[in-house]
Amino acid sequence: MTEKATLAGGCFWCTEAVFRRLKGVHSAVPGYTGGHVPNPSYEAVCDGSTGHAEAVEITFDPDVISYRTLLDVFFHLHDPTTLNRQGEDYGTQYRSAIYYHDEDQRRTAEEVIAEVNASGVYQDPVVTEVKPASEFYPAESYHRDYYERNRMLNPYCMIVIDPKIRKLYQDYGDLVNVRD
C-alpha cells in the first residue's frame, strides 16, 4: 500500500531530485498545486497569476519510509524560513508548503514545524504553509527528471541541486537507494 505526500520547497527540479532518491519513494512528480487556475502552464505559474506553487507529489511506501521522515528531509534540505523564496528563486510559486492528504498528515506537519522552530536550527521562524491537498497538475514533460537529464548541462543543476544531493547523502545516506 502506498500513500501520497505533496510538498513545495522552492524549485521543483530540486525537490524532485532529492525525494526520488529515497528508499520507499515510488515516484516524485513535479507539478503545480495550491492555486486557482486549472491546468496551469509553467509560464503562467512563473508570472504569479495562478496562485500555484511548484510542488512535488510523492508516492511512497509508509512501511519503508514514514511521512515524518519525508518531512524531516524536507525541512533539512530547503530553507523554510524565507517567504516565497529559495536562494535566488523568488515569487509565490517558490513558497514553502505542505499540502496534507489527511488529518494524520496535518497533525504530523504541525508537530514537525513546532519541533523545527523549538530546535533553534533556524534563526527565523518557519513560514511553511500547511494546507489541505488540492488538485495537483503534473508539470510539462521537460520538467520531469530534469536533474538526471541536465545535471552536466545546466549550471543551475551544478550550483543549486548538486549541493542538496550531497547533503542528502551526507546526512541521510542510510535512506538513499543503492541505485543512486
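The values are calculated or read from the model by the stated rules, or taken from the named source; none is laboratory data. Note that the structure is a prediction, hence the values are computed from the model and not measured. Here Cβ is always computed from backbone atoms with ideal geometry, including for glycine, and neighbour counts include all displayed protein chains. Areas reflect the complete protein model, heavy atoms only, side chains present, ligands, DNA and RNA absent. Shrake-Rupley method; radii C 1.70, N 1.55, O 1.52, S 1.80 Å.
Cα-Cα pairs above 28 Å in the chain: how many percent?
16
Based on C-alpha coordinates, I'd like the Rg and Dmax of region 1-93, in Å.
13.3, 39
Assuming R0 = 22 Å, can you tell me the calculated FRET efficiency for the pair Ser141 and Lys167, based on Cβ-Cβ distance, to the nearest 0.05? All intermediate terms of the calculation are to be shown ahead of the outcome.
Details: r = 28 Å, r/R0 = 1.27.
Rounded to the nearest 0.05, the efficiency is 0.20.
Please compute P(r) over all alpha-carbon pairs of region 132-180, binned at 5 Å starting from zero, and give each bin as a whole-number percent.
All Cα pairs considered, the percentages come to 5, 17, 18, 19, 18, 16, 7, 0.
Based on the Kirkwood radius over alpha-carbon pairs, what value in µm²/s does the Stokes-Einstein equation return for the translational diffusion coefficient of region 51-91 at 37 °C and 0.692 mPa s? Display every interim value, and only then the final one.
Numbers: Rh = 12.1 Å.
The Stokes-Einstein estimate is 271 µm²/s.
Over the Cα atoms of region 85-180, Rg to Rh with Kirkwood Rh, two decimal places?
0.99
Compute the accessible area per residue over region 14-136, keeping the other protein chains in place, probe 1.4 Å, unit Å².
Per residue, region 14-136 has 44 Å² of solvent-accessible surface.
Any idea how far apart Asn177 and His36 come out in nm if each label point goes 7 Å out from Cα toward Cβ?
Between Asn177 and His36, the simple spin-label model gives 3.9 nm.
If the cut-off is a Cα-Cα distance under 18 Å, which aspartates and glutamates reach Lys164, setting aside same-chain residues fewer than 8 apart in sequence?
Hits, sequence-local ones excluded: Glu16, Glu54, Asp72, Asp79, Glu88, Asp89, Asp145, Glu148, Asp174, Asp180.
I want to verify a result. In a Gaussian network model of the chain, Cα cutoff 10 Å, which of these has the top mean-square fluctuation: Val126, Val29, Val56?
Evaluated over the chain, the most mobile residue of the options is Val126.
What residues have an amide H closer than 5 Å to that of Tyr32, excluding those fewer than 5 places away on the same chain, when H is modeled at 1.01 Å from N in the peptide plane?
Distant-sequence amide H within range of Tyr32: Ala55, Tyr137, Ala139.
Which percent of the accessible heavy-atom area of the chain goes to carbon and sulfur, probe 1.4 angstrom?
With neighbouring chains kept in place, the figure for the chain is 52 percent.
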